[in-house]
Amino acid sequence: MKICEILANGRPSVSFEIFPPRRDVPFDGIRATVERLAHQRPAFMSVTYGAAGGASANTTAVASFVQSCGVPALAHLTCLAASHEMIDGEIAALRKAGIENILCLRGDMPKESSDASPGHFLHAVDLVRELRPHGFCLGGACYPECHPECEHVEVDIARLREKVEAGLDFVTTQMFFDNNIFYRYLAKLRDRGVTVPVIAGIMPVTNGRQISRICRLSGTYLPSRFKAIVDRFGDCPAAMLDAGVAYATEQIVDLFANGVNSVHVYTMNKPEVAERIMDNLRGILEPDRAA
Ligand code: FAD
């Protein structure tokens, strides 16, 4: 099923992101994770793709397994290190596997200059243009706190608009921990003529130390309320799990309450975290079943 059709139904929905095993790691390990996540009845599951190879070999296989569990899959695809022939190969493999949805991404700049892009695709918009004629439902990434390489959020939004006009059906945000940042960004997008559905990306934080580093790199703002949680519970995994699930749940409830219907949870392949969040949301997502 195409994600644009799911988003059009106007009901609150939660989707999950997973990452595939590396090439040298047995595929079997991910099956149990996918099955447990699929059991939660997410709207769809997205499967990440390595910027320059790495785990990319398994993206289509995992996406295909997701669909065999009855959940629509969204396959991520990065283009920075790709040639036209490589993208053609990915399109053929995805189509053969029955995948209808692709998240079009540039990928992060490699640190090693020897890994530099062959230059066929400099930005995600180039990939969108390449994929548009093939009939997939296409998504892209967006950044409520501005992409770290971009000098100004208005410039970033203008480039996002160009990417959308090239053929995106929806966009998914980078994680954020302050919903007000998201609300202000969404209002700006609408004002600047970006009208496609925007899926809010939520990261449940269960590892305090890791998140401080990730936020430093991505420029994501950590509210003082969130910092206090990490400072107090960051060294105790059980407490951090409780607090991380509670914080993410509160963010999601607030988003739904304010009319944002689509939330994407960065599950980090931790089904126990996703299960606890979904338990907290069951009455909102499935009021008839929960009654
Ligand atoms: P782009 O849209 O190309 O933007 C990148 C930068 O270039 C921005 O600063 C933008 O302002 C600028 N830009 C865009 N167009 C132009 C133009 N025409 N001229 C000049 N500048 C321009 N990475 C992975 O490797 N694998 C994944 O599976 C993955 N999944 C992700 C999922 C989500 C929801 C998000 C938010 C990110 C994901 N990423 C993933 C990370 C992503 O690859 C990086 O953030 C990357 O740095 C930018 O990718 P993009 O698709 O947003 O790039």
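The values are calculated or read from the model by the stated rules, or taken from the named source; none is laboratory data. Please read all numbers here as calculations on a predicted model, not as lab measurements. Note that each Cβ is placed from the backbone with ideal geometry, even for glycine, and that neighbours are counted across all protein chains shown. All accessible areas refer to the heavy atoms of the entire protein, side chains included, with ligands and DNA or RNA removed. Shrake-Rupley method; radii C 1.70, N 1.55, O 1.52, S 1.80 Å.
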Quiz item: Going through the stretch 169-185 one residue at a time, which ones are among the hydrophobic types (A, V, I, L, M, F, W, C) and buried (at least 19 other Cβ atoms within 10 Å of the Cβ)?
Solution: 170, 171, 175, 176, 177, 182
Exercise. Name the residue, out of 240, 203, 278, that is buried (at least 19 other Cβ atoms within 10 Å of the Cβ) and without any contact (Cβ under 8 Å) to a residue 40 or more places away in the chain.
Key: 240
Quiz item: What are the residues in the stretch 213-226 that are within 23 Å of the chain's Cα centre (by Cα) and either closer than 19 Å to residue 282 by Cα or open to solvent by 40 Å² or more (accessible area, probe 1.4 Å) (or both), if any?
Solution: 213, 214, 216, 217, 219, 221
Self-check item: Pick from the stretch 76-108, criterion near the ligand (Cβ under 8 Å from one of its atoms) and charged (D, E, K, R), ranking: modelled with the highest pLDDT
Solution: 106
Quiz item: So is residue 73 among the small types (Gly, Ala, Ser), within 16 Å of the ligand (Cβ to nearest atom), closer than 27 Å to residue 147 by Cα and modelled with pLDDT of 95 or more or not?
Solution: yes
Quiz prompt | Subset of the stretch 243-267 (residues that are open to solvent by 70 Å² or more (accessible area, probe 1.4 Å) and among the aliphatic types (A, V, I, L, M)) | solution = 257
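Considering only residues that are of a type in the set (Phe, Trp, Tyr) and closer than 17 Å to residue 182 by Cα, look in the stretch 206-263 and name the one that is nearest to the ligand (Cβ to nearest atom).
The selected residue is 221.
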Exercise. State yes or no: is residue 56 more than 15 Å from the ligand (Cβ to nearest atom), in a helix (DSSP H, G or I) and not aliphatic (A, V, I, L, M)?
Key: no
Quiz item: Can we say residue 43 is assigned to a helix (DSSP H, G or I), within 16 Å of the ligand (Cβ to nearest atom) and either open to solvent by less than 20 Å² (accessible area, probe 1.4 Å) or over 24 Å from residue 123 (Cβ atoms) (or both)?
Solution: no
Quiz item: In the stretch 125-144, is there at least one residue being within 20 Å of the chain's Cα centre (by Cα), part of a helix (DSSP H, G or I) and more than 27 Å from residue 2 (Cβ to Cβ)?
Solution: no
Quiz prompt | Among the residues listed as 68, 15, the single one being more than 23 Å from residue 130 (Cα to Cα) and surrounded by fewer than 23 Cβ atoms within 10 Å (Cβ to Cβ) | solution = 68
Exercise. Look at the stretch 158-181 and say how many of its residues are within 13 Å of the ligand (Cβ to nearest atom) and within 18 Å of the chain's Cα centre (by Cα).
Key: 11
Exercise. For the stretch 131-150, enumerate the residues that are more than 13 Å from the ligand (Cβ to nearest atom) and of a type in the set (Phe, Trp, Tyr).
Key: 136
Quiz item: Here are 106, 129, 95: which of them is out of contact with any strand residue (DSSP E or B) (no Cβ under 8 Å at 6 or more places or on another chain) and under 19 Å from residue 48 (Cα atoms)?
Solution: 95
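Only helices (runs of 4 or more DSSP H) wholly contained in the stretch 192-291 count here; list those with 2 or more residues that are of a type in the set (A, V, I, L, M) and under 25 Å from residue 3 (Cα atoms).
Per the criteria, 237-257, 271-285.
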Quiz item: Applying the selection to the stretch 138-167, what residues are crowded, with 22+ Cβ neighbours inside 10 Å, touching a helix residue (DSSP H, G or I) at 6+ places or on another chain (Cβ under 6 Å) and in contact (Cβ under 8 Å) with a residue 60 or more places away in the chain?
Solution: none
Quiz item: Just one of the numbered conditions (1) out of contact with any His (no Cβ under 9 Å at 6 or more places or on another chain); (2) open to solvent by 20 Å² or more (accessible area, probe 1.4 Å); (3) within 14 Å of the ligand (Cβ to nearest atom); (4) not polar (S, T, N, Q) is not true of residue 26; which one?
Solution: (3)
